[in-house]
Amino acid sequence: MFVVVSYDIADDRRRIRMAKVLKAFGDRVQRSVFECNLDESELQKLLRRLKPLISEHEDSVRIYRLCAGCKSHVQIIGSGTVSEDPDLVVV
C-alpha cells in the first residue's frame, strides 16, 4: 500500500530521530513528509518504531493510507515525483 506520513515534532532531537526512522521505510518528499510503499507488516513495524519517539502532548504524526487508484491521482505542482515501489517491475 502507498502511505504518506507527515509529522510536526516540537523537539529537534525527536524530529531528527523521526526522519531517520522514516528514511528506512520510504522517500522524503518534503521536510516533514515521507511517501512509503509498505505492506501491512512493514506498516506495523514502522508504527512500533515511531510511537516511542513522539511526545503525545507536543507532537503530531499523520499517516494516510492511499489505495492504488488514489495514488494514481496524486498531483504535484512544482518539482518532484511520486515515490515508486522499488520491487515493482513493469514489463
Handout entry: Qualifying positions in segment 35-61 - in a loop (DSSP other than H, G, I, E, B) and aliphatic (A, V, I, L, M)
Key = 38, 54
Problem - Residue satisfying all of: in segment 9-34; in contact with a helix residue (DSSP H, G or I) (Cβ under 9 Å, 6 or more places away or on another chain) and assigned to a strand (DSSP E or B); nearest to residue 71 (Cα to Cα) among these - result: 34
Problem - Any chance residue 35 is open to solvent by less than 60 Å² (accessible area, probe 1.4 Å) and of a type outside the set (S, T, N, Q) - result: yes
Handout entry: Whichever residue in segment 1-17 is under 10 Å from the mean Cα position of the chain (by Cα) and crowded, with 17+ Cβ neighbours inside 10 Å and, among such residues, is modelled with the lowest pLDDT
Key = 2
Handout entry: segment 72-86: number of residues that are at pLDDT 75 or above and open to solvent by less than 70 Å² (accessible area, probe 1.4 Å)
Key = 3
Fill in the blank from the handout: residue 23 passes all but one of the listed conditions (1) open to solvent by less than 100 Å² (accessible area, probe 1.4 Å); (2) in contact with a strand residue (DSSP E or B) (Cβ under 8 Å, 6 or more places away or on another chain); the exception is number (1)
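The values are calculated or read from the model by the stated rules, or taken from the named source; none is laboratory data. These numbers were taken from a predicted model, which means no experiment stands behind them. Heads up, the Cβs are rebuilt from the backbone with ideal geometry, glycines too, and the neighbour counts pull from every protein chain shown. These area figures cover heavy atoms from the full protein model, side chains too; ligands, DNA and RNA do not enter into them. Shrake-Rupley method; radii C 1.70, N 1.55, O 1.52, S 1.80 Å.
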